[in-house]
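The numbers here are math on the coordinates, done by the rules we state, and not lab data. Treat the numbers as computed from the prediction; the structure is a model and nothing was measured. Glycine also receives a Cβ, built like all others from the backbone with ideal geometry; neighbour counts cover every protein chain displayed.
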Amino acid sequence: MDKTTVRMQQIALQTLANGEVDVILGWKKGDEWYDSYPVVINDINETAELIWDAFCVNNLSKYLITELKKNLRIGVFLKGCDSLAFNQLVIDNRIDSERVVIFGLPCPGMIDPQKVKHAGLNKGLLKVERTGDKIVFITKEGVKEYIGRSFDYDKCLNCRCPNPVVSKYMLSDAVTRTDEEQYFPDVTEIEKMPLEARYDYWTKQFSKCIKCYACRNICPLCSCETCVFDNIAAGVSSKADADCEQQFFHIIRAYHVAGRCVDCGECSRVCPVGIPLEKLNRKIIKDINQLYGDYTADTDIAKSPPLGTYKVDDFDPFDGSKQGGKK
Amino acid sequence: MPRIGAFVCWCGTNIAGTVDIEQVVQAVSEMSGIVYVKDYQYMCSEVGQNLVKTAIKEWQLERVIIASCSPRMHENTFRKAAKAAGLNPYLVEVANIREHCSWVHKNKEEATKKAIALIRAAVAKASLNTELIAKEIDVENRALVIGGGIAGIQTALDIAEAGYQVDVIEKSPSIGGKMAQIDKTFPTLDCSACILTPKMVDVASHPNINLYTYSEIESVNGFVGNFEVTIKQKARSVNLEKCTGCGICTEKCPSRKSKSEFDEGLRTRGAIYTPFPQAVPNVPVIDREHCLKFNTGKCGICEKLCPAGAIEFGQEDVLVTKKYGAVVVATGFDIIDLDKFGEYQYQNHPDVLTSLEFERLTNAAGPTAGKFIRPSNNKRPEKVVFIQCVGSRDVSSRGKSYCSKICCMYTAKQAMLIKDKYPDIEVYVFYIDVRTPGKNFDEFQRRAVEEYGVNYIKGMVGKIFPAGDKLIVHGVDSFTGDTLKIEADMVVLAAAAQAKPDAEVLGRKLAISTDTNNFFTEAHPKLRPVETHSAGIYLAGACQGPKDIPETVAQAGAAAAKVIGLLSKRKLVSNPCVSVVNEDLCNGCLSCLKICPYDAIAAKELATNNHGITSKRIVAKVNEALCQGCGGCTVACRPGAIDLKGFTNKQITAEVDALCH
Amino acid sequence: MSLKLEEKAISSKQQFEPLIVAFCCNWCSYAGADLAGTSRLNYPANIKIIKVPCSCRVSPNFVLRAFQRGADGVIIAGCHPGDCHYSTGNYFTRRRFTLFANLLEYVGIEREKFKIEWISAAEGNKFATVMNEMLDSINKLGPSRKLRDGRWIRQQ
């Protein structure tokens, strides 16, 4: 068995048994090779079913909001990106970190089942194992081995935080990534498009939207008790299939995570119609970084969120005569 | 849909000249909710107002639209009229069809169309208006003054004289502050103690003033009119009531190692001490760090000798919580540490002094009994060099970028005093600029030069080298470009004034802000110089920025006047257009709290029941007494849980929709 | 310009009567607009003002709503940074709408259509100039249905 999975099961057993936590949030393996789904367990006998593999893509931190309401102490497994979301939820007062024990999982990247399918590797596939960048496809016929990141989710290729920024127990060695980071190439690409082309691009993207709100539901930071788009009284919700409604939803959704988005890319991953939502979020992150200094949210919970603070000499695009701030 | 009445004003020809009133009346009468429309030449006149009042009653109007001049002009007039007719004043909306329409547009057709649109927006908003009631808050009619220097003393006296109770908190064992340390005051050269000590006595004896010396602010809660302040009275180890101030204990105390704070370390004091002879209260305090009894358990001489039995080694810090209607911060300033200014040899040479040390040295009640001598050899100096702007107007990290404001004048004063007593002493002043704005200030400084022959040299001192018993001052005269070497016997440094090191901590307790230099920030640099952003908290003296005594006293008086104005109201009326939280929608993220300029939002814990499990939930709570109604929180709130009364999300959206009709 | 072109320009101008919604803070820009009035400075009737207590009261929701309902331009006017009646409100306006304006441009909305301006109570002149310029630039852009709710018909 995978070394980390062994460690995971041990720590879950240990902390449940010694009463450090009441429940554990982790993943179990489903019927399919790509199916690793979130579970809440409180029975030490179930700890043997916990799993860590390249499909544990679901961020468990958002589940804490509901689970913590039961007044329990919770042990939770968090990857790098998950831990950023965890911190942002702490900043947002959504969870009480005192009652959470974090098991950190350095993450080499998660595998996109679609990419496996496109490569035709899914036929007869029983299991996929990953150690660092070595990926082993196990089928009835035998074993195929690949080295590299060609099966990683796109969002994982842009990962800026493979290692958890907060944890009580770290379950494996830190992942080191030496790839040269490109500065928001996806955003720059859109910024370079002519205005009309940009409008057409986004209108086309938004018009695909079926208002399923999966992007919002998966987003670890879209955690409002009642989302403004579900609140009739707020006067902004409309499920009408009109371009302007889609535009409104997507612009405001992106704006609502401004300064809080941890760039985990889950919104785009779950979008059933493939709207590149992260490109809206990342535009705002890029602007915040450029204008107000690097904001790595989530790593420093004492820091004021960029929209919760200001500097007297902030960059002022609305005043030609004085332009200060960090450019 | 409420019953709405609309009143269209001609404003003579001011509106009617450009806007077709008849057409407007016709269009308005067709708007939904409108049951009554009336136009009149001057709606703001008494006749006009009566039209409104009568119509409210006769037509049972539930909302009133006034289409007239700017609401900044007459909104209040019409609100009052509505109130007189029994309608809540906040059910009135004004459509600005003069300043924003008839006066800026020439084309009658366009202006008429726009006037109709503006009225439509007002109708849309008004139909969503709700009755708003200004709340009344009780005012606790006692004031708290933090700091017992000249600023705090003056503020307390002024408030007490007006008949209100004032408590003064002073951190050190006696009130008096920096002014008590000063020898003479500019520009009149009267003795500081002579003008200050009578005021100190007044404070102590005033029936309306209650002193808390050797005390600090522990915590502050509440809001304007209702502050709840916990004061920590540090253990003095001497009973304030029993002590007669005879002074035997301070005389006989065998510990003599501590440096006198009041004398800027130029002499030592006992472990039990009164800071200075005129101290108020004239009751000593035991410095437990240096007291033999506290350190070794042996001694207790003071206790044995005290004829009043006032020594109480067992005293402990006491916390007192009291309510106040207003708070004045008058915590004063400090001078900077000079450890980063090695070139001036301050740390190494006893004859290099700060200006404040110089004040003690020349003071008749000071360590030398006023004899002007060099601390190193007790001989009278022959050459004295003053250096101004030590750390002031210094943009490097070791200094302060601002001008300390008082140094030019006190340096001139000190130089003049030397020359006055000892005309044979040579006095030099190095300066960047001489800044003497103020009544009789420039004349004063010129006298130092012209009458007393003080040598002013524009230039900075590069370094001071001790040589034998002399201090060689290397400077540059920037007028001539000459390098100067002055063999001085004494150097006096005008060290920059700086905010108290704990200003930020106190600011946090009071929820008032400090600027980049840690001075407290006034509410408006020009128009509200003694107020802070927190209602009911005021500033006096150098805690707001460097100030001389006249300015400090003036500001203290101003702060006192503000306090008196506040306390004289038994009740405060709050602005009803404040934010309100829908607790069901609130996530408790407190984004609103972070941006509120008035600290009007706090976290509130709610117990919630979820399928039989009770858990706690945080929500935001608006303190209506503190909220000023800017509405910034409403935008920070993603789920729209916080809204602003009088400018709700729905009202503004309705206005947008109506304008886009 | 040939006669024909001129005619065309005139007729298209007649067809296109832009609407600009201006959110003005009560203390500075609304008063600035009042001053423009008292000084009888002209600006087009296409500009319609909504009073808000502070520019920081303006939510991006309102801006998008205005565009949906047929506004051709939206402008938020507030006190100059440092002069806010509520001391810090417009600093938040500045951050919020710096990001929001960038985001709108990123999804293809012309900068000219959404503006922020700092206009003090003494700047009646600036108020009129800003409004005139804004209308000019929107006229130059011509009619556009971007962000517009097709179901909402504006009566002109």
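P(r) of segment B:575-661 in 10 Å steps, Cα pairs, percent per bin?
Going out from 0 Å in 10 Å bins, segment B:575-661 shows 18, 44, 25, 11, 2 percent.
Please give the length that would be gained between A:Asp2 and A:Lys134 if that part of the chain were fully extended, namely 0.36 nm times their separation in residues minus their C-alpha to C-alpha distance (nm, one decimal).
Here the segment from A:Asp2 to A:Lys134 would lengthen by 46.2 nm.
With only Lys, Arg, Asp and Glu charged, each at its Cβ (+1 for the first two, -1 for the last two), find how big the charge dipole of segment A:185-308 is about the Cα centre; round to the nearest 20 debye.
Dipole magnitude for segment A:185-308 comes out near 140 debye.
Apply the a/c threshold of 1.5 to the C-alpha gyration tensor of chain C and tell me whether it is rounded, prolate or oblate.
oblate
Please enumerate, by chain and number, the lysines with C-alpha under 25 Å from the C-alpha of B:Lys304, excluding those fewer than 8 residues away in the same chain.
B:Lys234, B:Lys242, B:Lys252, B:Lys257, B:Lys259, B:Lys293
Between C:Glu117 and residues 5 or more places away or on another chain, which pairs have amide H atoms under 5 Å apart, with H built 1.01 Å from N, and which residues are they?
C:Ile76, C:Ala77, C:Gly78
What is the distance in Å between the Cα centres of segment C:16-57 and segment B:279-317?
Going from one Cα centre to the other spans 70 Å.
For the pair B:Glu251/C:Asn42, report the inter-label distance in nm, with labels modelled 7 Å from Cα in the Cβ direction.
9.3
Sorting B:Val461, B:Val104 on the 10 Å Cβ count, fewest up front, what's the list?
Lowest to highest Cβ neighbour count: B:Val461, B:Val104.
Please work out whether segment B:4-126 counts as rounded, prolate or oblate from its C-alpha gyration tensor, where a ≥ b ≥ c are the square roots of the eigenvalues and a/c under 1.5 means rounded, while otherwise a/b larger than b/c means prolate and anything else oblate?
prolate
Using the number of other C-beta atoms within 10 angstrom as an exposure proxy, rank B:Met179, C:Met131 with the fewest first.
Sorted ascending by nearby Cβ count, the order is B:Met179, C:Met131.
Compute the distance from the alpha-carbon center of segment B:102-156 to that of segment C:60-75, in whole Å.
25
Calculate how steeply helix C:89-106 sits against the longest principal axis of the alpha-carbon atoms of chain C, using the helix alpha-carbon long axis, and give the answer as 0 to 90 degrees to the nearest 10.
The helix C:89-106 is inclined about 30 degrees to chain C.
If every alpha-carbon in segment C:94-143 counts as one equal scatterer, what log10 I(q)/I(0) does Debye give at q = 0.18, 0.24 1/Å?
-0.67, -0.95
Taking 30 Å as R0, compute the FRET efficiency from the Cβ-Cβ separation of A:Asn289 and C:Lys140 and round it to 0.05.
Computed FRET efficiency for A:Asn289 and C:Lys140: 0.35.
Could you work out the equivalent-ellipsoid semi-axes for the protein assembly as shown, taking the square root of 5 times each eigenvalue of the Cα gyration tensor, largest first, in whole Å?
60, 45, 31
Taking neighbour counts of Cβ atoms within 10 Å as a proxy for exposure, in what order, fewest first, do C:Trp152, A:Trp52 appear?
Ascending number of Cβ neighbours within 10 Å: C:Trp152, A:Trp52.
Take the residue pairs A:Lys286/A:Lys311; B:Lys38/B:Lys80; A:Lys3/A:Lys134; B:Lys83/C:Lys48; C:Lys115/C:Lys146; B:Lys53/B:Lys113 and return only those whose Cα atoms are more than 25 Å apart.
In this structure, B:Lys83/C:Lys48; B:Lys53/B:Lys113 lie more than 25 Å apart at Cα.
Taking every eigenvalue of the Cα gyration tensor of chain B, multiplying by 5 and rooting it, what semi-axes result, largest first, whole Å?
Its equivalent ellipsoid spans semi-axes of 62, 33, 22 Å.
Roughly what would the spin-label model give for B:Val395 and B:Glu312, points 7 Å off Cα along C-beta, in nm?
If labels sit at B:Val395 and B:Glu312, their model points lie 5.6 nm apart.
At 7 Å along Cα-to-Cβ for each site, give me the label-to-label distance between C:Glu112 and B:Glu443 in nm.
6.4
Taking the Cα centre of each part, how many Å lie between segment B:183-232 and segment A:223-289?
A separation of 56 Å, based on Cα centres.
Using only Cα atoms and rounding to the nearest 10 degrees, what angle (0 to 90) does helix B:441-450 make with the longest principal axis of chain B?
30
Among the aspartates and glutamates, which have Cα under 13 Å from the Cα of A:Lys28 when same-chain residues fewer than 8 positions away are ignored?
Straight-line reach from A:Lys28, under 13 Å: A:Glu46, A:Glu49, A:Asp53.
I'm a student and want to see the number: the projected area of the Cα convex hull of segment B:68-119, averaged over all directions, in nm².
For segment B:68-119, averaging the hull's shadow over all directions gives 3.6 nm².
Taking amide H positions as placed in the peptide plane 1.01 Å from N, state which residues far from B:Ile642 in sequence (5 or more) or on other chains have amide H under 5 Å from it.
B:Asn582
Over all directions, the average projected area of the alpha-carbon convex hull for segment A:1-144 comes to how many nm²?
9.0
Determine, from the Cβ-Cβ distance of B:Val573 and B:Cys191 and an R0 of 45 Å, the FRET efficiency 1/(1 + (r/R0)^6), rounded to the nearest 0.05.
After rounding to 0.05, the efficiency reads 0.40.
Across all directions of projection, what mean area in square nanometres is found for the Cα convex hull of segment A:85-132?
So the Cα hull casts an average projection of 5.4 nm².
Counting pairwise Cα distances across segment B:335-498, what percent come out greater than 28 angstrom?
14
Quick one: of A:Lys29/B:Lys616; B:Lys500/B:Lys594; B:Lys184/B:Lys379; A:Lys79/A:Lys117, which pairs are farther than 32 Å apart, Cα to Cα?
Long pairs (Cα-Cα over 32 Å): A:Lys29/B:Lys616.
Apply the Karplus curve 6.51 cos²θ - 1.76 cosθ + 1.60, θ = phi - 60°, to the phi angles in segment B:414-426 and return the couplings in whole Hz, x for Gly and Pro.
5, 4, 5, 5, 5, 5, 5, 7, 10, x, 7, 6, 8
Under the 0.36 nm per residue contour assumption, what length would be gained going from the current alpha-carbon distance of B:Asp482 and B:Ser29 to full extension?
154.4 nm
Shape of segment B:248-305 from its Cα gyration tensor (a ≥ b ≥ c, root eigenvalues): rounded if a/c is under 1.5, otherwise prolate when a/b > b/c, or oblate?
Oblate, because a/c is 1.5 or more while a/b does not exceed b/c.
Quickly estimate the mean residue ellipticity at 222 nm for the protein assembly as shown, helices only: each DSSP H run with n ≥ 4 gives -39500 (n - 2.57), and the total goes over all residues, rounded to 500.
-9500 deg cm²/dmol
If amide H atoms are built 1.01 Å from N in the plane of the peptide, which residues on other chains or at least 5 residues away come under 5 Å of the amide H of C:Ala22?
Here the answer is C:Lys48, C:Ile49, C:Ile50, C:Ile75, since their amide H atoms fall under 5 Å of that of C:Ala22.
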